[in-house]
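So the structure is just underneath, and the comments pick up after that.
The values are calculated or read from the model by the stated rules, or taken from the named source; none is laboratory data. Source: prediction; values computed, not measured. Ideal geometry is used to build each Cβ from the backbone, glycine not excepted, and the neighbour counts take in all protein chains shown. Calculation scope for accessible area: heavy atoms of the full protein, side chains included, ligands and nucleic acids excluded. Shrake-Rupley method; radii C 1.70, N 1.55, O 1.52, S 1.80 Å.
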Amino acid sequence: MAALKILVIPGSLRTGSLNAKLAAVAAYQIAQAGAEVTCISLADFALPIYDGDLQTRSGVPKNAVNLKRMIGAHHGVLIVTPEYNASVPPLVKNTIDWVTRVQEPQETRGQVFRGRAFAIAAASQSRLGGSRSLAALRSILSACQALVIPNQLALSFAAEAYDDMDKLKHPADIEALDALVRQLIEISQRLT
Ligand SMILES: Cc1cc2nc3c(=O)[nH]c(=O)nc-3n(C[C@H](O)[C@H](O)[C@H](O)COP(=O)(O)O)c2cc1C
């Protein structure tokens, strides 16, 4: 059987992003667990703010089509998102919005989400660790009929969570991420 493929998407472009660091650690743990992992940057899939007139005029941007195909080429997806004002950042929501607009021949719109396993994680300097962003993201992905796995990770006080090598310092965080990653792999495997 071909290797299980997991796509990791950090929801921040910021230099030194706490979420990009968590995504990188997760990608390492996914590889350690035996799956093939791709970690992308949304900087490589830059998209304008969604505008229906723009879509009517110019169609769905190529980057949205490319990202949709990238998701479709993986069995499971992990999104690691910041929290902005108790919700998901515009980068994450706008990206999902554009991807749901992609219409490929022989497919219904949004098909790439349906029945695909998604895991969600967040890192924030707050005590809540971005958990309100996770609630919003779970709701958005569930509305797209993605299968959002029950486990999730909200990394609190994230600026202090990493060592000099950008690895997680605290065993409890490593174990929580490991549990998330393993559940994503297991459910992705079951769905293939
Ligand atoms: C517009 C804005 C709103 C924010 N709102 C929240 C919030 O509601 N909850 C929270 O925990 N952090 C909030 N933050 C702080 C972010 O969690 C913090 O900047 C984090 O480092 C961003 O993620 P990144 O490091 O991956 O870029 C906010 C930051 C910005 C820029």
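Values as computed for the structure displayed
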quantity	calculated
Cα-based equivalent ellipsoid of the chain: semi-axis lengths in Å, sorted from largest, via gyration tensor	26, 20, 14
Average Cα contact separation per residue, the chain, under 8 Å, 6 or more apart, as relative contact order %	24
Nearest 10 degrees, 0 to 90: helix 90-100 Cα axis against the chain principal axis	40
0 to 90° range, to nearest 10: angle between helix 62-72 axis and the chain longest Cα axis	60
Over the chain: helical MRE at 222 nm, DSSP H runs n ≥ 4 each giving -39500 (n - 2.57), nearest 500	-13000 deg cm²/dmol
Antiparallel content of DSSP bridges confined to the chain, in %, to 5	10
Ranked packing of 32-41, 87-96, 121-130, most packed first, by mean Cβ within 10 Å	121-130, 87-96, 32-41
Acute angle (nearest 10 degrees) that the helix 171-191 long axis makes with the longest principal axis of the chain, alpha-carbon atoms	40
Per residue accessible area in Å² of the range 14-171, where ligands, DNA and RNA are left out and the probe is 1.4 Å	48
5 angstrom amide H check on residue 8, placed H, neighbours 5+ away	38, 39, 40, 78
Given 5/68; 68/167; 93/169; 62/93; 93/167, the pairs whose alpha carbons are separated by over 23 Å	68/167; 93/169; 93/167
